[in-house]
Amino acid sequence: MKLVLMTQPTFFVEEDKILTSLFEEGLDNLHLYKPGSEPVYSERLLTLLPDSYYSKITVHDNFYLKEEFKLHGIHIDNETTPAPKNYRGHISRACTHLDLLKEAKKNADYVLLKYIFDSQTEPNQKSSFTIDELNEASRRGLIDRHVYALGGMNLDNVKMAKDLGFGGIVISGDLWNRFNIHQELDYQALIDHFSKLRKAIG
């Protein structure tokens, strides 16, 4: 089972240090998610990271960064938008409907199925699926190793995601909520929690 980390949507002072520490702890899939930001800030963050980790980063916007920094791949935030013309490389996609999952998987290396549980970063974003719907999707083979669970993922529901057959989980709020980007400098609690998540997914 894979463990994917989604960055905070905003940039902050300690970010490069935290991400470097997480890579050192074994993070192998980082999604660089900075919606609406100027590309120069993503460039700056990438230049502050050791280039040995570039091959583990997927970018959500400014797809030219993929080639410029030799990143792992690009992420398209829906099921159907075609990849950029002449693009060659890894693609992940987001999917919000089980009935679109089969098609989304055909056009991606893996798919992030969104809103599995109530979001920990967006209080108003509730789960889109019942457990019965997820069990049925698993039984039909829609959920498999190419589908990663996104939305409210934490230590308490890793086992459920495993049992449903997800190939990975995407962590965001469960990790970032342990560090105040505006007030704190000590991020050891965040690193320790990441280590627990790594052990939990096996």
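Could you check how many residues of segment 136-152 are at pLDDT 95 or above and either under 25 Å from LYS196 (Cα atoms) or surrounded by 15 or more Cβ atoms within 10 Å (Cβ to Cβ) (or both)?
Residues meeting the conditions: 11.
Scan segment 11-40 residue by residue and report those that are assigned to a loop (DSSP other than H, G, I, E, B), of a type in the set (A, V, I, L, M, F, W, C) and under 27 Å from PHE166 (Cα atoms).
The answer is LEU27, and nothing else.
Cβ contacts < 7 Å: first residue open to solvent by less than 30 Å² (accessible area, probe 1.4 Å), restricted to segment 61-86; second residue of a type in the set (Phe, Trp, Tyr), any location; separation 6+ or different chain. Result?
PHE69/TYR54; LEU71/TYR54; ILE74/PHE63
Any idea which of (1) farther than 20 Å from HIS182 by Cα; (2) open to solvent by less than 60 Å² (accessible area, probe 1.4 Å); (3) assigned to a loop (DSSP other than H, G, I, E, B); (4) not hydrophobic (A, V, I, L, M, F, W, C) is the one GLN8 doesn't satisfy?
(1)
Out of segment 88-104, which residues are under 19 Å from LYS56 (Cα atoms), open to solvent by less than 40 Å² (accessible area, probe 1.4 Å) and out of contact with any Phe, Trp or Tyr (no Cβ under 7 Å at 6 or more places or on another chain)?
ILE91, ARG93, ALA94 - these are the residues of segment 88-104 that are under 19 Å from LYS56 (Cα atoms), open to solvent by less than 40 Å² (accessible area, probe 1.4 Å) and out of contact with any Phe, Trp or Tyr (no Cβ under 7 Å at 6 or more places or on another chain).
With the requirement that a residue be of a type in the set (D, E, K, R), modelled with pLDDT under 95, more than 20 Å from GLY151 (Cα to Cα) and assigned to a loop (DSSP other than H, G, I, E, B), what does segment 62-113 give you?
Those that are of a type in the set (D, E, K, R), modelled with pLDDT under 95, more than 20 Å from GLY151 (Cα to Cα) and assigned to a loop (DSSP other than H, G, I, E, B): LYS85, ARG88.
The values are calculated or read from the model by the stated rules, or taken from the named source; none is laboratory data. Values in this document were obtained by computation on a predicted structure and should not be read as measured data. Cβ coordinates were reconstructed from backbone atoms using ideal geometry, including for glycine residues, and neighbour counts include every protein chain displayed. Side chains included, ligands, DNA and RNA excluded: accessible areas come from the protein's heavy atoms. Shrake-Rupley method; radii C 1.70, N 1.55, O 1.52, S 1.80 Å.
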